[in-house]
Amino acid sequence: DGGITQSPKYLFRKEGQNVTLSCEQNLNHDAMYWYRQDPGQGLRLIYYSQIVNDFQKGDIAEGYSVSREKKESFPLTVTSAQKNPTAFYLCASSIGRGAGANVLTFGAGSRLTVL
Amino acid sequence: DAKTTQPTSMDCAEGRAANLPCNHSTISGNEYVYWYRQIHSQGPQYIIHGLKNNETNEMASLIITEDRKSSTLILPHATLRDTAVYYCIVPFNKFYFGSGTKLNVKP
């Protein structure tokens, strides 16, 4: 079945450590996105990528980094510069961008806790 | 980018229709309206989208006003499993999710 796989589902990190969250899709989608969700809040866009080897900052990119070396993969690194990284992280993908019909498919999420 | 406004929460009796409103008064002519829902601690799920005509699928109906400044998502016969946060978004190049509407379906 096609879909998006995020790993790990749960992750614990000590302060000052970098951590990388994996996102893989087999939907042949061009665009991929990373969102952060805090308890009781909506989703905030961290980074997005519309094509391989290209990505753009979203609303809250500070303290995060991404890469898009392959179409199916869009890993997110939470760096030590992120002041409050404890959150639920969601990866999504879509066929493309623009005014046409673009439907987002989401992964199951990764929950990061900083100890 | 167009932004949306939704009520924070709504209640609905099980078996009744749930009507969730969304205001998107700054929408431009070629922007679609998308609806998603998120059940607790899961990734959001796509429900339906539309441009200017009313749309219906197996999950819901979408009614868009003629001036396209607002829309309503209709769940015709709400069940307890429809309890979730419902997001109305109007993306162009990026997808912005606000806080959505928390729908509580009660027995």
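Each reported figure results from applying straightforward, stated rules to the coordinates on display, with no laboratory input. None of these values were measured; they are calculated from a predicted model. Every residue, glycine among them, receives a Cβ derived from its backbone with ideal geometry; neighbour counts consider all protein chains shown.
Can residue A:89 be described as touching a residue at least 24 places away in the same chain (Cβ under 8 Å), surrounded by 21 or more Cβ atoms within 10 Å (Cβ to Cβ) and out of contact with any helix residue (DSSP H, G or I) (no Cβ under 7 Å at 6 or more places or on another chain)?
Considered against the rule, which asks whether it is touching a residue at least 24 places away in the same chain (Cβ under 8 Å), surrounded by 21 or more Cβ atoms within 10 Å (Cβ to Cβ) and out of contact with any helix residue (DSSP H, G or I) (no Cβ under 7 Å at 6 or more places or on another chain), residue A:89 comes out as yes.
Which residues, taken from the stretch A:6-23, are of a type outside the set (S, T, N, Q), away from chain B (no Cβ under 14 Å) and either part of a strand (DSSP E or B) or in contact with a Pro (Cβ under 8 Å, 6 or more places away or on another chain) (or both)?
Looking only at the stretch A:6-23, we keep the residues that are of a type outside the set (S, T, N, Q), and these are A:8-16, A:19, A:21, A:23.
Applying the additional criterion that residues be away from chain B (no Cβ under 14 Å) yields A:8, A:11-16, A:19.
Answer for the stretch A:6-23, where residues must be of a type outside the set (S, T, N, Q), away from chain B (no Cβ under 14 Å) and either part of a strand (DSSP E or B) or in contact with a Pro (Cβ under 8 Å, 6 or more places away or on another chain) (or both): A:11, A:12, A:13, A:19.
As an exercise: evaluate residue A:36 against (1) basic (Lys, Arg); (2) under 19 Å from residue B:42 (Cβ atoms); (3) in contact (Cβ under 8 Å) with a residue 60 or more places away in the chain and give the number of the one condition it does not meet.
It is condition (3) that residue A:36 fails.
Would you check which residues across the stretch B:1-51 are touching a His at 6+ places or on another chain (Cβ under 7 Å), more than 10 Å from chain A (Cβ to nearest Cβ) and over 21 Å from residue B:104 (Cα atoms) and list them?
Selection gives B:2, B:33.
Listed residues A:42, A:63, A:58; which is of a type in the set (Gly, Ala, Ser) and surrounded by fewer than 16 Cβ atoms within 10 Å (Cβ to Cβ)?
Numbers: A:42 fails: surrounded by fewer than 16 Cβ atoms within 10 Å (Cβ to Cβ); A:58 fails: surrounded by fewer than 16 Cβ atoms within 10 Å (Cβ to Cβ).
Step by step, each of A:42, A:63, A:58 is checked, and only A:63 is of a type in the set (Gly, Ala, Ser) and surrounded by fewer than 16 Cβ atoms within 10 Å (Cβ to Cβ).
Which residues, taken from the stretch A:98-115, are more than 22 Å from residue B:38 (Cα to Cα) and surrounded by 15 or more Cβ atoms within 10 Å (Cβ to Cβ)?
To start, the set of residues in the stretch A:98-115 that are more than 22 Å from residue B:38 (Cα to Cα) comprises A:98-100, A:114-115.
Scanning the stretch A:98-115 gives a single hit, A:114.
Residue by residue through the stretch A:28-39, note down the ones that are exposed (fewer than 15 other Cβ atoms within 10 Å of the Cβ) and either away from chain B (no Cβ under 12 Å) or outside any loop (DSSP other than H, G, I, E, B) (or both).
Scanning the stretch A:28-39 gives a single hit, A:28.
Report those strands (runs of 3 or more DSSP E) wholly inside the stretch B:1-97 carrying at least 1 residues which are under 11 Å from the mean Cα position of the chain (by Cα). Before you say what the answer is, go through the steps one by one.
Working: elements: B:9-13, B:18-23, B:33-38, B:45-50, B:61-64, B:70-75, B:84-89.
Of the strands (runs of 3 or more DSSP E) lying wholly inside the stretch B:1-97, those with at least 1 residues that are under 11 Å from the mean Cα position of the chain (by Cα) span B:18-23, B:33-38, B:45-50, B:61-64, B:70-75, B:84-89.
With the requirement that a residue be basic (Lys, Arg) and buried (at least 16 other Cβ atoms within 10 Å of the Cβ), what does the stretch A:3-27 give you? I'd like the intermediate steps shown before the answer.
At the first step, the residues of the stretch A:3-27 found to be basic (Lys, Arg) are A:9, A:13-14.
Selection gives A:13 alone.
In the stretch B:98-107, which residues are part of a loop (DSSP other than H, G, I, E, B) and under 14 Å from the mean Cα position of the chain (by Cα)? Don't jump to the end; show me each part of the working.
Taking the stretch B:98-107 first, the residues part of a loop (DSSP other than H, G, I, E, B) are B:98-100, B:107.
Those that are part of a loop (DSSP other than H, G, I, E, B) and under 14 Å from the mean Cα position of the chain (by Cα): B:98, B:99, B:100.
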